[in-house]
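Each reported figure results from applying straightforward, stated rules to the coordinates on display, with no laboratory input. All values reported here derive from a predicted model rather than from experimental measurement. Methodologically, a virtual Cβ is constructed for each residue, glycine included, from the backbone with ideal geometry; neighbour enumeration extends over all protein chains shown.
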Amino acid sequence: MEEIINKIAQDKMDFNIGLELLLDKNSFDEIFETLQIYILNSIPNKTDYNSETYQRAINTIPLKPTYTPIVILKSFSTKIAFNKLASLPKNENKKVIVSLLWIFKITDTERRNTECKNGCGHFWHELD
Ligand SMILES: [Zn+2]
């Protein structure tokens, strides 16, 4: 699962193909937990998580902005939003995973282009 998530983030795997693979092989809880940790670690400025990159990520999620997970992400701070996403009904599961996978793709790409640019110790940035 970690490899698939990072390949999607690094554009080495198509977003939708990777999404289906993830949903096929892992439970919602497993994917959710992993993406939550990945996102929190990849967002710059850990004091409030409300960085420009994070805002850009939630504003470009490829889903209708009226969908519940998107409304939650835009209305609450990161950690509170994640808690609310975790307790949504099951029919929202796929939308939640699309949202988190997209956010990680954006925040991780930003990190790779900035703090990781001159080499980093993140083994998952050495995929191939
Ligand atoms: Zn890195």
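Numbers below:
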item: Options Ile61, Ile8: the member that is assigned to a helix (DSSP H, G or I) and either surrounded by 12 or more Cβ atoms within 10 Å (Cβ to Cβ) or among the β-branched types (Val, Ile, Thr) (or both); result: Ile8
item: Residue match in region 91-99 (condition: in contact (Cβ under 8 Å) with a residue 12 or more places away in the chain, assigned to a helix (DSSP H, G or I), closer than 17 Å to Leu19 by Cβ and among the basic types (Lys, Arg)); result: yes
item: Checking Leu19 against (1) assigned to a loop (DSSP other than H, G, I, E, B); (2) of a type outside the set (Asp, Glu); (3) more than 16 Å from the ligand (Cβ to nearest atom); (4) surrounded by 12 or more Cβ atoms within 10 Å (Cβ to Cβ), the condition it does not meet; result: (1)
item: Of residues in region 64-85 being of a type in the set (Val, Ile, Thr) and more than 15 Å from Thr107 (Cβ to Cβ), the one surrounded by the fewest Cβ atoms within 10 Å (Cβ to Cβ); result: Thr66
